[in-house]
Structures are given as structure tokens and as C-alpha cells.
Amino acid sequence: GRFLRHLNKSDGLQANEFGYETFAQSKYSGQLYFGGNNGFNIINPANVPIDTCPPNVQISEILLLTGNKMVSQLDVVAANGMLPIKPFQKVLTVRFAGLDFESPLRNQFSCKLEGFDDDWRMLGTKDEITYTNLDPGDYVLQVKSSNKDGIWSRVPATMAITVYPPWWETWWAWILYTLLIAAVVVSIYQYQLSHQRAQAEAQKIRELDKMKSRLYTNITHEFRTPLTVITAMSDLIEKPEKSKELIQRNADSLLRLVNQLLDLSKVESGHLKLNMIQADVVPFVQYLTESFNSYAANKNINLVTYMESEVLIMDFDEYKLHSIISNLLSNAVKFTPEGGKIILHLKEVAGKMVIKVKDTGIGIPEDKLPLIFDQFYQVDDSSTRKGEGTGIGLTLTKELIELMKGTITVKSQPGGGTEFKVALPITREARLGEITKVQISPNLPPPDKMEEADFSLNAKLPILLLIEDNADVATYLQIWLKGKYEVLHARNGALGIKMAKEVIPDVVITDVMMPEKDGFEVCRTLKNDETTSHVPIIVLTAKTDDASRIEGLERGADAYLSKPFIKKELLVRLQSLIDLRKKLQARYSQPQSVDSGQVASLEDQFLQKVLEAIDKNLSDTDFSNANLASLLHLSESQLFRKLKALTGKSTAIYIRSYRLAKGKELLEKTSLTVSEIAYEVGFSDPAYFSRTFSSEFGLSPNAIRK
Ligand code: ADP
């Protein structure tokens with residue numbers, strides 16, 4: 001064939017440059033002639049020697065960037081049969097040598113990195129190659145070389161190279177990634193699933209809750225209306241009192257329950273709002289407790305309050321505080337057997353109002369304690385249990401307390417009583433308010449507004465003077481007694497005495513502990529006063545010891561009631577005192593002189609004085625009520641009330657009775673004519689004397705004479 005040969009000066013050319021178009025070929029010998037700078041060359045192509053032996057090639061050096069130096073890897077390759085490259089070894093330089101030494105500078109090289117190069121790279125006479133940033137993978141480097149005559153080696157030199165990936169690209173890293181992703185996917189899926197489930201659950205609960213709430217609200221509202229009507233209408237029932245009371249009591253307790261349910265559903269749905277006023281909480285709590293007196297007394301339980309603060313101005317919600325205290329107190333009464341004691345204790349501790357309700361009742365087992373605030377929970381839910389109830393009370397109580405940002409705790413021992421402790425934070429931000437005395441407690445009708453003492457008295461009802469410094473007690477006593485007595489109220493002993501003398505009531509109820517003059521003093525004063533000596537007095541006291549009881553009786557009290565007292569007992573006492581007075585009236589109704597030798601009672605002495613005064617003016621036809629009253633240093637109305645109380649007769653009738661009695665005496669003992677006698681005993685008209693005489697004694701004056 002044909003091939004191309006490069007010749008240069010080293011091959012014997014005159015220079016490396018030749019002239020343009022200075023060449024020729026001999027037609028005979030085929031020799032070639034070339035002219036140049038330094039002469040010419042004659043070349044016989046047949047004589048030009050050609051090196052046809054392909055050269056061998058060898059890799060002479062392998063350098064790898066390690067740290068910041070190029071380090072030889074020949075040993076490594078010799079040991080492993082390949083070149084391992086770690087990640088980060090970014091620069092690889094390979095040097096090679098062609099093993100043709102005829103004209104080594106004209107050796108050429110070519111290489112191909114399999115896995116990286118697509119084709120052979122011609123390197124010319126450069127005997128090295130540098131690769132940078134090889135991707136992880138397996139490669140084979142092939143190197144060829146040619147001799148000066150362009151004859152290429154047949155067998156290339158080869159070297160295997162493996163570029164290792166960094167750890168995060170290794171297979172196990174990938175497995176890890178896969179596992180991680182799988183785990184994440186699975187957990188997201190599971191989370192969503194459970195979230196969905198929880199949401200569905202929550203939705204269901206919300207719906208149930210809403211339904212419950214609606215049910216509560218609707219039904220309880222529906223209950224409330226008829227109950228209110230029943231309560232109101234039962235007021236109109238007059239007889240029998242007993243059944244009316246039963247209706248009212250039951251309607252009240254139902255209404256209370258309904259209200260509790262309503263409140264509870266409102267708290268739970270977050271609709272119950274606080275309605276705070278700023279006021280003195282002490283009298284409010286006192287009043288609430290007092291309203292439980294009768295309830296406790298019914299069971300012969302002693303209900304005592306200890307108010308450690310005299311005044312405690314703070315924000316509170318009357319209705320809710322009422323509900324809380326009522327619940328605790330009614331539980332205490334309910335779960336305390338007869339003869340027990342309940343103490344309500346109020347004090348201020350570190351910015352909190354602390355109310356303790358302690359009873360000597362049946363107590364609660366320790367393991368049940370955490371449960372009692374649960375809705376509908378009752379420690380004893382057997383059908384034979386002592387107290388009735390629903391298990392709502394404490395739930396509501398706790399919710400209300402928490403609404404007020406307070407706390408409730410309980411201490412108890414079976415058989416050793418129970419103590420509930422409520423702590424409410426004291427704030428003073430609400431508007432100043434008046435306590436309206438909400439009324440939801442059991443067994444007690446709502447007190448009306450305090451009635452002002454009213455002197456235009458209803459003459460048909462007995463007049464009762466109530467001397468009591470506690471307005472609340474006075475209020476409910478007034479309500480209890482309304483319709484049975486005309487109640488006058490005096491705020492303290494001194495005022496009471498003054499009013500008693502002025503009005504001469506039919507009966508006096510007085511408290512013992514009072515400012516100015518105490519109840520004993522009231523007793524002594526009234527009993528030693530001519531005008532009021534006859535008035536029966538009931539003494540009320542919280543002191544129950546015998547000494548004070550005896551003191552009260554010694555001072556002339558007619559009856560003694562210890563607080564808390566029962567309405568019924570009070571009414572019975574009042575009635576019996578009034579009955580007693582009727583007996584007195586029977587005794588005094590006929591005017592007659594008493595033996596002055598006897599140790600006469602004040603009443604006897606008084607009547608004696610009255611009779612003497614009338615006697616002295618017996619024949620004075622003009623002698624009037626007013627004359628008699630002034631002789632006795634009394635007002636006309638005082639005299640009237642005193643005489644009426646003692647004798648059941650008005651002043652005029654009593655005077656007339658005395659005149660008639662005297663007339664009868666004269667008819668029997670003298671021989672005066674009826675007319676003479678009539679004038680003698682102060683009648684200006686004898687016919688009138690005869691008429692009244694007949695109606696008084698059932699006999700005419702003439703009939704007596706016969
Ligand atoms: P109710 O009184 O309507 O049953 P509560 O929620 O008011 O419901 O009370 C739950 C339970 O806690 C009561 O049934 C009773 O067993 C117990 N308990 C509450 N107060 C007392 C107390 N002072 N003494 C003993 N047990 C009580």
C-alpha cells in the first residue's frame with residue numbers, strides 16, 4: 001500500500017523549509033527533487049527506510065492528588081492490579097513511555113479512558129494525561145504509542161481504575177435512604193389515618209355533646225316554665241297548708257335541679273358568663289347560711305358560722321356563689337346525721353377568700369374522694385341510701401368555682417366528717433353593687449323587700465315586735481310571720497324598748513346579742529314596765545348553754561328559742577303565748593277589785609289603778625278614755641292596747657263594764673231607783689243604762705230587783 005512519511009532535517013534534508021514550486025520528478029528514475037534555502041534534496045522513494053515495527057507502550061507513573069500533593073500510586077496498582085480512587089481524590093495524572101528508542105522524541109501517544117472517553121484521544125508527543133473529577137464508577141485506561149514512522153502499538157497498555165463513591169452515595173446509604181423514606185411515608189400515612197380517626201371521633205363527640213346540650217337546654221327550659229307556674233299558683237292555694245307546702249317544696253327542688261342542669265350545660269359549652277359585682281361578701285355568706293338554719297334545725301343539726309373577716313369587699317357573682325355555698329351546705333346537712341354539727345368558716349388568706357364547710361357527717365371513703373366531683377357520681381347509689389340526690393351538685397360546684405378561677409378541695413374520713421375548702425381569688429374590678437339576695441335555696445320562700453315599720457296597723461292581726469339586729473334574719477322572720485302577725489321591726493334593743501312602750505305589741509321576739517341593749521335588758525325593762533309587763537317575750541339566741549337559757553327565763557322571758565330555730569316551733573310558741581294571754585283576758589275581762597293584801601302581779605296592780613281611777617270618777621258622765629289615759633300617764637292608744645291585751649276589751653267598753661258592774665252591785669245592795677243608780681254610775685240616760693245592762697248581764701235592772 002501507500003503510506004505517508006514525514007522527513008525532516010534529522011533525516012538529512014537541507015533544511016526544514018523548501019521553495020514554492022521548486023520540485024520535480026525524474027521520468028526515468030522516479031527520483032524526487034526539492035529545492036530549498038540551503039540547496040536541494042534528491043530523494044529516491046524506494047530508498048527511504050521505513051520502521052514498520054510497532055512500538056510497545058508502558059505506564060510509567062501514576063499520580064493521584066492526596067491531600068494537596070500528587071502521590072505515586074504505582075505500588076498500589078502493583079498490589080491491587082487496579083487503581084482505587086477515593087472520593088475527594090480529584091486529580092489523576094498518568095505518564096507513559098513508548099518503548100521505541102530510534103527517535104523517542106517523535107513517539108506519539110493516544111489514550112482512551114473507557115467509561116469516560118468515547119474515542120481515542122490523540123496526545124501527540126505529550127506523554128501524560130490528567131483526568132479530574134471522575135465520577136464514581138469503574139474505568140479502564142488504555143494507552144497506545146506510535147514510532148516516528150507513525151506505526152501504532154498493537155497492544156495498548158491498560159490499567160483498571162475504580163472511583164469509589166462517597167459514603168452517602170454508597171449502596172447501603174441508598175438502602176438507608178429508601179428505608180428512611182419508606183418509614184416517613186408510612187408514618188405520615190399512619191398519622192393521617194389516626195388523625196382522621198381522631199377527628200371523626202371528636203366530631204362524633206362534639207355532635208353528641210351538642211345534642212346533650214340541646215337536650216338539656218330544651219328539656220330543662222320546658223321544665224322550668226311549668227314549674228314556675230306551679231310554684232306561683234300554689235301560692236294561691238289556701239288550704240290545706242300542708243299540701244301547699246308539699247307542692248311548693250317539691251316544685252322548688254325540681255326547679256333547683258333543673259337550674260343546676262341548665263347551668264351545668266352552660267358551663268360545659270362555655271356559655272355561662274360571670275356576672276360580677278363588687279360588694280361585701282361577708283353578710284352575703286352569712287345570709288346564705290342563715291337561710292339554711294331551718295333546714296339544718298329540722299334535722300337537729302347545729303349550723304354555725306365563723307366569719308374571721310368582718311368585712312370583705314370583693315368581686316363575686318351572687319347567683320353562682322349562692323349555688324356553690326348552697327350545694328355544700330345542703331350536702332353537709334344531707335350527709336350529717338341528727339345531732340351533728342356543721343361549721344361554715346370564712347377568712348381571707350393571701351389574696352383569696354377561703355370558705356370551709358365542715359360537717360360531722362358520714363364522711364367519704366378515701367378511694368371515692370377523687371370521684372365525687374364527677375357528673376352523676378354518688379358514693380352510695382344504692383336505693384336504700386340516706387340522702388337523695390343526683391350527683392350533679394358537686395360537678396356544678398366545681399365547674400362554677402373553676403369558672404371563677406378558684407379551687408375546691410376535700411378532706412374526709414368515713415365516719416369522721418367531711419371538709420370542703422373553697423378558695424376564690426379576691427379581685428376588685430367589677431362595678432360596685434348591691435346584693436340582691438338571689439334565692440334558690442331549698443325550703444325557704446324568697447324574702448321580699450324589708451318592710452318599713454308601719455304604724456297604721458292592721459288591727460285584725462296580732463302585733464309582733466321583732467327586735468333583731470341582723471336584717472336577714474329579720475327579713476325571713478317577717479316573711480314567715482306575714483299574714484299571721486303584723487310584724488314591726490326594731491334594729492336594736494333601745495329602739496325595741498321604745499317601740500314596745502309606744503305600740504304595746506301583742507308579743508315580742510328579741511335577739512340576745514344586739515348593739516346598745518341586749519335581749520336580756522329588753523326583757524327586764526319591758527317586764528318591769530307597767531304598760532308592757534303583760535307582753536309575752538320570746539328570746540332568740542345562738543347561745544345554747546343552760547346558763548344563758550336560765551338567765552333569759554329569770555329576766556322574765558316567756559319562751560326561749562335557740563338559733564337556728566324551726567319555723568314551726570316558733571309559730572307554735574307564738575300561738576301558745578297568745579292562747580295564754582286569752583286565759584289572762586278571761587280572768588281580767590270582768591272588772592273587779594283585787595285584794596290589796598295579795599302580792600299582786602304588775603298586771604293586777606295596773607288594773608287596780610285603772611279601776612280606782614274609774615271609781616273616783618264614777619258619776620262623771622263626761623269621764624272619757626282620754627281622761628282615764630291622762631290619769632294613768634299613758635296615751636289613749638297605749639291604754640287601749642294595754643287594756644285590750646289584758647281584758648280583751650277596749651277602754652270605753654272596759655269603763656262601761658265597770659260602770660255596769662257597779663250598777664249591778666248597787667241594785668243588789670241598795671234600794672236606790674234604777675234611774676238614781678244610772679246617774680250614780682255615770683250614765684246620763686237611764687234608758688240607755690237599762691239597755692246596755694240587759695245586754696251585758698242578760699237580765700234587765702228591774703229583773704235583778706225582783
Ligand atoms: P348529690 O348530693 O346530688 O348526690 P353531689 O354531686 O352534690 O350529688 O355529691 C356527690 C356525692 O358526694 C354524694 O352523693 C355523696 O355521696 C358525696 N358527698 C358530697 N358531700 C358530702 C358530705 N358533706 N358528706 C358525705 N358525703 C358527701
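Values of log10 I(q)/I(0) for region 186-308 across q = 0.22, 0.23 Å⁻¹ run -1.19, -1.20, by the Debye formula with one identical scatterer at each alpha carbon and no solvent.
Computed on the Cα atoms alone, the convex hull of region 462-504 gives a volume of 41 cubic angstrom per residue. Note on region 322-366: Cα Rg divided by 2.2 N^0.38 Å, N the number of residues, gives 1.27.
State the Kirkwood hydrodynamic radius of region 56-164 in Å, one decimal place, computed from all pairs of distinct Cα atoms.
By the Kirkwood definition, the hydrodynamic radius is 14.2 Å.
Here the chain is treated as a Stokes sphere of Kirkwood radius computed over C-alpha pairs; at 4 °C and 1.567 mPa s its diffusion coefficient rounds to 34 µm²/s. In this structure, the pairs whose alpha-carbon distance is over 27 Å, taken from 341/368; 356/405; 352/517, are 352/517. Computed from the C-alpha gyration tensor, the three semi-axes of the ellipsoid equivalent to region 1-116 are 47, 16, 12 Å, from longest to shortest.
Using a simple spin-label model with pseudo-atoms 7 Å out from Cα toward Cβ, residue 249 and residue 132 lie 10.6 nm apart. Relative to the current alpha-carbon distance between residue 589 and residue 687, full extension at 0.36 nm per residue lengthens the span by 32.8 nm.
As a calculated quantity, the FRET efficiency between residue 7 and residue 86 at R0 = 51 Å, using C-beta atoms, amounts to about 0.55. Taking amide H as placed 1.01 Å from N in the peptide plane, the amide H of residue 467 sits under 5 Å from that of 490, 509, 510, 511, each at least 5 places away or on another chain. Listed values for region 664-679 are Karplus-derived 3J(HN,Hα) couplings in whole Hz (6.51 cos²θ - 1.76 cosθ + 1.60, θ = phi - 60°), namely 4, 4, 5, 4, 6, 9, 10, 10, 5, 6, 4, 5, 4, 4, 4, 5, and x replaces Gly and Pro. The Rg/Rh ratio of region 271-354, with Rg taken over Cα atoms and Rh as the Kirkwood radius over Cα pairs, comes to 1.00.
Compactness check for region 614-706: Cα Rg over 2.2 N^0.38 Å is 1.11. Note on residue 429 and residue 230: the model spin-label points, each 7 Å out from Cα along the C-beta direction, lie 4.2 nm apart. Treating r as the C-beta distance of residue 50 and residue 118 and R0 as 45 Å, the FRET efficiency rounds to 0.90. Across region 147-157, computed HN-Hα scalar couplings (Karplus, 6.51 cos²θ - 1.76 cosθ + 1.60, θ = phi - 60°) run 7, 4, 8, x, 8, 8, 4, 7, 9, x, 7 Hz from first to last residue, x flagging Gly and Pro.
For the pair residue 280 and residue 572 in one chain, pulling the backbone fully straight at 0.36 nm per residue adds 101.5 nm over the alpha carbon distance.
If you plug the beta carbon distance of residue 348 and residue 199 into 1/(1 + (r/R0)^6) with R0 = 45 Å, you get a FRET efficiency near 0.45. Here, region 567-647 has an Rg and a Dmax of 15.2, 51 Å when only alpha carbons are counted.
Values quoted throughout were computed directly from the atomic coordinates according to the rules given, and no laboratory measurement underlies them. These numbers were taken from a predicted model, which means no experiment stands behind them. Neighbour counts run over all protein chains shown; Cβ positions are idealised from the backbone, glycine included.
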